[in-house]
Every structure is written in C-alpha cells, then in structure tokens.
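Okay, structure first, notes after.
The values are calculated or read from the model by the stated rules, or taken from the named source; none is laboratory data. What you are looking at is a predicted structure, and each value in this text was computed from that prediction instead of being measured. For neighbour counting, all protein chains shown are included, and Cβ atoms are generated from backbone atoms with ideal geometry for every residue, glycine included. To get the accessible areas, we keep the full protein, side chains included, count just its heavy atoms, and leave off ligands, DNA and RNA. Shrake-Rupley method; radii C 1.70, N 1.55, O 1.52, S 1.80 Å.
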Amino acid sequence: MPDSTSTTASTTSTDTTTSTDTTATATATTTAMPISATVPSGNKPSGSSIIDPVNRIEGHLRIDMEVQDGFVTDAWASAGLFRGMELILENHRPYDAAIISQRICGVCPVSHAHAACQAGDKSYGITIPNGARIIRNIVEGAQFLHSHILWFYNLAALDYVNPLNALNADVTEAVKLAAKAGTTEADFAGLQKRLQAFADNGQLSLFSGNWFDAKEHDGSNAYKLPPELDLIGTAHYLEALEMQAVASEISGIIGGKMPHIMSSIPGGTTFVPTEQNLDDLLYRAKRLADWVSSTMIPDTLAIAPYYIDEFTNGSNAGNYIAWGVFESVASNTLEGNPGANASKRYLPGGVWSFKESGYTTVQDWNEDLIKETTVHSFYDPAYETGDGLWRQPRNGETYPLYKDEYIVPDGQHPADGARYSWDKSPRYDGQVFEAGGLARLLVAYNRKVPEIVTGIDGVLSALGVSGQVGLLNSTMGRTGARNIETQYIANLMVTWVEELILAIKEGNADTFVEAATKTGEGAGMWEAPRGALYHYMKIKSDMIDKYQIIIPTSWNVSPRDDQGRRGPIEEALIGMPVEDLNKPIHALRLVHSFDPCVACSVHLSEPATGKEFSVVTNPWGVR
C-alpha cells in the first residue's frame, strides 16, 4: 500500500525437547557501532503531526502526536475498525468457531483457528493426540514464517531501504558487499534496469508513494543505506514475495487453502498426510530455513548499524506478556496449571518486565489477572458502571456505540476524556503490557531457551553492544527480535516434519479425538505472529453461548485506561524525535516495529432479500 502525504496527514493511503541447529548465531559482518541518541539540531518543529492511515499494516490505524521542539510530548493511537466477531460467533456450533474467527484476519488466520480450537478443546475436555499436535505446529509455523517474512521485507523494510537510491549503485560493489555481509546475491544488474524503467516512465509500481525524501533535523536524508545495500535490500524485497508464498504453500497443503485453513478443528485436525504430502512439506521447510539463514538474518545485521539510533527510540514501560505457542509433548496436556503447561511450549508463555513491576523474574501467566476497560473506546457506557468498569474477558461485553461527536477534526487531537478508538484497553495485573515478537523472545530468553539465548546474545555481540538486552526495548530491538524468532521457527519446521514422519512410522500419529461432553467453557491462550491471542468460549448443549476475543494488537494499540495510562504504542511514541511534522519517519518506523493488525470490519448481507447491513469502520470518513 503506497504512502502519500497531505497537509494534515503523513500518509493516506520452553520446552526445548527438540534441539535445532543455530538460531540467529550472529557473526559481525559490519563495523560495530556505538549506541547514541538522536539529538535534534537547528529548527525544531512544534505542532500537530498525524499519520492517517498508517500504511503497510492490516486495517486502519490513525496516530495523533503532539510535538514540541522536535519531540513527541503526547500521542493517541486510534483503531478505526469495528470487528464484532464475538457477536457473530454466538449461537454457532463450537466447530464453526475456528472457521468463522479466521475471518478476523487474512494474515494470521491460522492463529485464530488454533485459539478457537483450544477454547473448544478445553470446553470439551480434550487433550489432542500427538499427530494433531505436530500438524498444528507445522501449519502454525508456516503462517508465522509467511507473516514474519512479509512484515520485515514487504511492510517494514521501505522505512529503511530506498529502491530509488539503488539506481546509483555500482553492481560490482553490490556483489562484493553481499559477499562481505554473508547474504545472498541476485541479478542486481537486471533489477537495476527494471528500477530504471520504472523511474523513466514515472510508474514506480509497488515502490510508488514513499517517504524516501524524509529529512533529519540537520538536513540529511533519513534513509542512510549506501546505494549498493539499497540494491541488495530491494532484490531481497522481491525474493521475499516468493518465499512468503512458499510458506503459504505449506499452509495450503495441510489446510486445503490459505488464507483461512479448513483442517484444524476442536479435537485435532482433519489432515491425514500422505507420503507425497510429507515430501512436499519437508522440501519447503528446508528451503525456507536455508533462505532465512542465508538472507534474512545477514540482511538484518547489515542494515541495523546504519540505523543504530533506532535502538534509542521507541521504549515504553518494558512489561512483556506472551501466552506461548507451539506445543511440545510436555505442554500438550490439560492437567495441572495451564500456565505451567504453557511455560513448556517451544516458545513458552510467561510474564516478564525490565522494570520493578513485580515481574523482573519471569512468571507463569494467570488468566484471572486479565481485565479490559472501554472508557476511551467506542462502546456503550451503560456497561461501564460498577463492576463493569473493568471486566475479566470471560465476563466481557461487546456493545458498540459510535456517535458523531466522537469525530476528531483534521489537525486536532482527541479531547481529554474522549472516546477515540474501537480498541478496548486490556491490562494484566493492573499494568500496561506489550505483546508481540519481542515479548515472546524476552520471555523465552528469561526462561533460558537455548536457541533464543544464543540468537539474542549473538546479535547484540555483532552490533557491538554485548549483554545490553535493555536496548531491545526499542524500535530496532523489536525488529531484530522478530527476525531471530523467524530463524528459530524455520529450523523447528524442519524438525517437526521429521518428527511427524517418525511418529507415523511408530504408529503414534493419531489426529483426532471425539468430544465426550457437550457443555463447558475454556479459553484458548495462544500466540499470533503479532502477539498474545485470547479466545474464550462457553458452550451450552453443543452451541456457543458466549464468545470473547482479545487480539494481540488490542494490547499494543490500546487507548488510555481509566487512570489515563497510555497503551504500549502510545507510550513508546513519547520522546520520539520528529524532523518533519508531515513525515515523522521515526514514528512510522516505531509503529511498524509493532506490526499492528487492526482487523476486521463487518459487512453482512441477507441473500433472500438483498438487504444489507454495514458498519462504518472509519470514524473520520472515507478520504
């Protein structure tokens, strides 16, 4: 989705029972650089800076910032889409939940399917069999790889890589630089000719609309890469389009199609692999693991030193939450404390904080400590009285209410006490927590998952900041952490396919268990690529009586709560340097580092009469 600008808007449109090989084991291929803060000089802008909508994300997100003397002093993140999927799922059969809830998002539908399946598993009292566990891991892992590759190269990379500058590259020097950085070569000369053709006819194709001329305070360009590295990055941008498709092919083999797989259901999976399926899965898993290791990780280490200041931008409260993802043999049980079981997942669940919030030692999560408020959200205030001000999601309500007076005029920010987002404000143990790839990595690091410890320590060492884990609480930290996770998952994918082959040979690959009861309740607490995902289901007589969802972006894009505490993205924007009110590039990089997903809008039709019901999902109107 291209960027463009207007006068008021910057844009308009563990368990480690299985050992894997090296995960993001970094070797320094570039000169290590010290971390130093960006200090504005010269004219320091003050006023209103608005990004509306934030491009290259799923859904509609508006960022309002108040800027004084070149720094953000206040910020509001406004989610402009109403989902309402909880209401749609009521009075459906539990087996429908995985299919319907996937429509929340086309990027991470598998995670919604599995969270819904887990809610059904717990409601029915089912422990899924070994074959289903492995198959769910594989299809989930494929979606993670698709999402991570897509996000890094095709959504976030254009904040750092300038394809137009690649026209100035010396192809011979680009080949040498690729070899020095340890990343893969490509047809750099051919690509440069294609880029020149775009530039000559004024049609920049997928690179049209951009912030490539964004400036720093000293007048220098905000894009720092040499032309040869821009050429390498652009070549791999195009390769990533192919590689994320390879990941989706794995999902399609198992799930019948992608997006929105059809094989995961409460009790296990309907997919029974053939010999040809196993061969196809193993080939693709190995191809992805090789590409991530030879291209994605070296690219990260080559680009990061040029944007070392982004390690000083984008910090927030430093509280992290992860439910955990990818079941091990040890975690795949309903016995005992479910939080303890989640702590044994390949990417384990847990709660951890840099700061003195009571969680400086990683702890198991407790579902009872999750609560939400809607005091600054577009929901009916009639449900915010008494005990309703804060609700545990099992008792949550979804009653949308939007009024004309909620519209925020161009150039203005939400008023004090105003409702300004469709997103609710989830909190854990009364505190603001960040979800996502960084949260998963820090929980895994503190649970001492060997591959994650090696990956994080290796990357910090390669950047010349060994041991400074606190630097990960930043724009660049979130970006790098998610790429470390990508390699870990890519290696696990090969292991899981081999594990499935062995399980079939040993006769330990059952894929489905029938439900023994038709009434119950339970929560699927799982991870999507963007973070902690919660699906709660209550079943009566084999029908869904109640359903509630907290998506990962609800944690990160949450508006203020009743105490005025900002959500993680809002807080991370405070202190952000702004060089140009119309193109706040550091703020855009920060928001993209969270990879927000603000989905989905609602549109229903009645085929018998042709009547339609629709919800206006952008409170500020279509522009």
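If only residues of the stretch 343-369 that are part of a loop (DSSP other than H, G, I, E, B) and among the hydrophobic types (A, V, I, L, M, F, W, C) are counted, the one that is nearest to VAL453 (Cα to Cα) is VAL362. The set of residues in the stretch 529-553 that are small (Gly, Ala, Ser) and surrounded by fewer than 24 Cβ atoms within 10 Å (Cβ to Cβ) contains only SER541.
Considering only the stretch 189-209, I want to know if a residue exists there that is assigned to a helix (DSSP H, G or I), among the basic types (Lys, Arg) and surrounded by fewer than 22 Cβ atoms within 10 Å (Cβ to Cβ). The answer is yes, given that some residue of the stretch 189-209 is assigned to a helix (DSSP H, G or I), among the basic types (Lys, Arg) and surrounded by fewer than 22 Cβ atoms within 10 Å (Cβ to Cβ). Cβ-Cβ distances below 8 Å connect the following pairs, each with a first residue in the stretch 270-290 that is more than 17 Å from GLU242 (Cα to Cα), a second residue that is in a loop (DSSP other than H, G, I, E, B) and open to solvent by 70 Å² or more (accessible area, probe 1.4 Å), and a separation of six or more residues or different chains: THR270/MET262. Across the stretch 444-463, the number of residues qualifying as farther than 20 Å from GLY531 by Cβ, assigned to a helix (DSSP H, G or I) and open to solvent by 20 Å² or more (accessible area, probe 1.4 Å) comes to 6. Out of the residues in the stretch 164-202 meeting the condition of being modelled with pLDDT under 95 and under 31 Å from the mean Cα position of the chain (by Cα), tell me which one is nearest to ILE585 (Cα to Cα). Going through the qualifying residues, I end up with LEU164.
Of all residues in the stretch 249-266, those being open to solvent by 30 Å² or more (accessible area, probe 1.4 Å) and part of a helix (DSSP H, G or I) number 2. Applying a threshold of 7 Å to beta carbon distances and a minimum spacing of six or more residues, or different chains, the list of pairs starting in the stretch 564-589 at a residue that is on the phi > 0 side of the Ramachandran plot and ending at one that is at pLDDT 95 or above and buried (at least 22 other Cβ atoms within 10 Å of the Cβ) reads GLY575/VAL72.
Kindly indicate whether ILE100 is surrounded by fewer than 24 Cβ atoms within 10 Å (Cβ to Cβ) and either over 20 Å from the mean Cα position of the chain (by Cα) or on the phi < 0 side of the Ramachandran plot (or both). So ILE100 passes the test.
Taken over the stretch 464-498, the residue count meeting the criterion of being open to solvent by less than 10 Å² (accessible area, probe 1.4 Å) and outside any helix (DSSP H, G or I) is 2. Taking LEU177 as the residue in question, decide whether it is within 27 Å of SER593 (Cα to Cα), open to solvent by 40 Å² or more (accessible area, probe 1.4 Å) and part of a helix (DSSP H, G or I). Spelling it out, LEU177 is indeed within 27 Å of SER593 (Cα to Cα), open to solvent by 40 Å² or more (accessible area, probe 1.4 Å) and part of a helix (DSSP H, G or I). Inspect all residues belonging to the stretch 290-300 and state whether any of them is in contact with a helix residue (DSSP H, G or I) (Cβ under 8 Å, 6 or more places away or on another chain) and closer than 19 Å to GLY524 by Cβ. Looking for residues that are in contact with a helix residue (DSSP H, G or I) (Cβ under 8 Å, 6 or more places away or on another chain) and closer than 19 Å to GLY524 by Cβ, one finds none in the stretch 290-300, hence no.
The set of residues in the stretch 271-317 being within 29 Å of ALA435 (Cα to Cα) and outside any helix (DSSP H, G or I) consists of THR312, ASN313, GLY314, SER315, ASN316, ALA317.
One residue alone among GLU397, GLU372 is in contact with a Gly (Cβ under 8 Å, 6 or more places away or on another chain), among the acidic types (Asp, Glu) and outside any loop (DSSP other than H, G, I, E, B), and that residue is GLU372.
Can you tell me which residue among VAL72, VAL67, VAL54, VAL110 is under 19 Å from the mean Cα position of the chain (by Cα) and more than 16 Å from ILE550 (Cα to Cα)? The conditions single out VAL54.
Scanning the stretch 499-521 for residues that are assigned to a helix (DSSP H, G or I), within 18 Å of THR270 (Cα to Cα) and among the charged types (D, E, K, R) returns no hits.
Please work out if ASP380 is in contact with a Phe, Trp or Tyr (Cβ under 6 Å, 6 or more places away or on another chain) and open to solvent by 20 Å² or more (accessible area, probe 1.4 Å). So ASP380 fits the description; yes. Selection over the stretch 557-593 of residues that are in a loop (DSSP other than H, G, I, E, B) and under 15 Å from THR312 (Cα atoms) gives a count of 4. When the stretch 325-384 is filtered for residues that are of a type in the set (Lys, Arg) and under 22 Å from MET537 (Cβ atoms), the ones remaining, listed by number, are ARG345, LYS371. Flag not set for LEU463, criterion: modelled with pLDDT of 95 or more and touching a Leu at 6+ places or on another chain (Cβ under 9 Å).
Matching residues to (1) within 18 Å of LYS371 (Cβ to Cβ); (2) among the charged types (D, E, K, R):
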site	(1), (2)
MET525	yes, no
PRO529	no, no
TYR534	yes, no
SER541	no, no
GLN548	yes, no
ILE551	yes, no
TRP555	yes, no
PRO559	yes, no
ARG565	yes, yes
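If you scan the stretch 57-91, which residues turn out to be part of a loop (DSSP other than H, G, I, E, B) and either open to solvent by less than 10 Å² (accessible area, probe 1.4 Å) or hydrophobic (A, V, I, L, M, F, W, C) (or both)? If the condition is that a residue be part of a loop (DSSP other than H, G, I, E, B) and either open to solvent by less than 10 Å² (accessible area, probe 1.4 Å) or hydrophobic (A, V, I, L, M, F, W, C) (or both), then ILE57, GLY70, GLY80, LEU81, PHE82, GLY84 are the ones that fit. Across the stretch 510-528, the number of residues qualifying as open to solvent by less than 10 Å² (accessible area, probe 1.4 Å) and among the charged types (D, E, K, R) comes to 1. Taking (1) in contact with a helix residue (DSSP H, G or I) (Cβ under 6 Å, 6 or more places away or on another chain); (2) open to solvent by less than 30 Å² (accessible area, probe 1.4 Å) in turn, ASP561 satisfies each apart from (1). Being open to solvent by 60 Å² or more (accessible area, probe 1.4 Å), farther than 30 Å from VAL272 by Cβ and charged (D, E, K, R) is the filter; apply it to the stretch 210-248 and report the residue that is modelled with the lowest pLDDT. Top of the filtered list is ASP218.
Taking residues in the stretch 248-266 that are within 29 Å of GLY520 (Cβ to Cβ), and partners anywhere that are open to solvent by 30 Å² or more (accessible area, probe 1.4 Å) and part of a helix (DSSP H, G or I), the pairs with Cβ atoms closer than 6 Å and at least 6 places apart or on different chains are ILE265/TYR95.
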